[in-house]
Amino acid sequence: MKNIVILISGRGSNMQALLEAELPCRIAAVISNKADAGGLDIARQHCIPTAVVSHRDHPDRASFDTALAQVIDDFHADFVILAGFMRILTADFVNRYKGRLINIHPSLLPAYGGLDTHERALKDGVKIHGCTVHFVTPDLDHGPIIIQAAVPVLYHDTPQTLAQRVLHEEHRIYPQAIRWLCADQIELMEDGRVLLRRHKQIGYALISPSLE
Ligand code: GAR
């Protein structure tokens, strides 16, 4: 059975969705860069070992990433899952876990990498927004895409209502992506695309606003 380690910085709702999904893997630990991350309490309630590696205890990104990798490796992680982990990682760290480091991002990448994705989507007037699970590469928010969910943007949406609609889908697609990973169904191709083995491809168009 594969070992996964989840990294968080905050409330940990995606982590919670992973803990409650009964995944075919062992969740070896939840690690936070913030001691007061709400998600740590949720992990403890699920009897998952937790650790804190505070970025404030390190003078630069490189030394923080080295300390973080040490703790991750102590838990023998096959996959490292970023679930609202809000630190930019060095290329050395990313390369160390090449093909084993996964992130969820609240936009339909490659649109809206970075912060404030919902505000920016609303400002642009897009009619469809969403979330993406992808492999992490040194290029911020640009790694090979595993799965995406699209949601309609509604006329009266605020960043909060849109975030809520997207988050609901995050909680559905992240466990699915990790399930595929642990079942060895995901192949990372040389050209940077992701191939899903043993999966019948079907899908439906999301048209927003809807047709009459
Ligand atoms: C989620 O919306 C996640 O997609 C986002 O932070 C939130 C964490 O919420 N991640 C990023 O923006 C990473 N670039 P959570 O702590 O409740 O899972």
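Every number here is computed from the coordinates shown, using simple stated rules; none is lab data. Values in this document were obtained by computation on a predicted structure and should not be read as measured data. Cβ atoms come from the backbone with ideal geometry, glycine included; neighbour counts cover every protein chain shown.
For the stretch 110-186, which chymotrypsin sites (Phe, Trp or Tyr not before Pro) are in a loop by DSSP, counting at most 16 other Cβ atoms within 10 Å?
Y155
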Point to revise | For the stretch 42-85, alpha-carbon Rg relative to the globular expectation (2.2 N^0.38 Å, N residues) | key: 1.26
Practice item. Could you give me the percent of Cα pairs per 5 Å distance bin for the stretch 20-62, shortest bin first, beginning at zero and ending with the bin that holds the maximum distance? Key: 5, 20, 25, 20, 13, 9, 5, 1
Practice item. Enumerate by residue number the trypsin sites (Lys or Arg not before Pro) in the stretch 1-98 meeting two conditions: DSSP loop (anything except H, G, I, E, B), and at most 11 other Cβ atoms within 10 Å of the site's Cβ. Key: none
Revision key, fill the gap. Put in order of increasing Cβ neighbours within 10 Å, starting from the fewest, F75, F64 give F75, F64
Review point. Which value results when the Cα radius of gyration for the chain is divided by 2.2 N^0.38 Å?
Key: 1.02
Exercise for review: Check each of the trypsin sites (Lys or Arg not before Pro) in the stretch 140-197 and keep only those in coil by DSSP with at most 13 other C-beta atoms within 10 angstrom; list them in order.
Suggested key: R193, R197
Point to revise | Anisotropy class of the stretch 161-212 from Cα gyration tensor, a/c 1.5 cut | key: prolate
Study note, to complete from the structure: What helix-only [θ] at 222 nm does the chain give? Using -39500 (n - 2.57) per DSSP H run of at least 4, over all residues, to the nearest 500, the answer is -9500 deg cm²/dmol
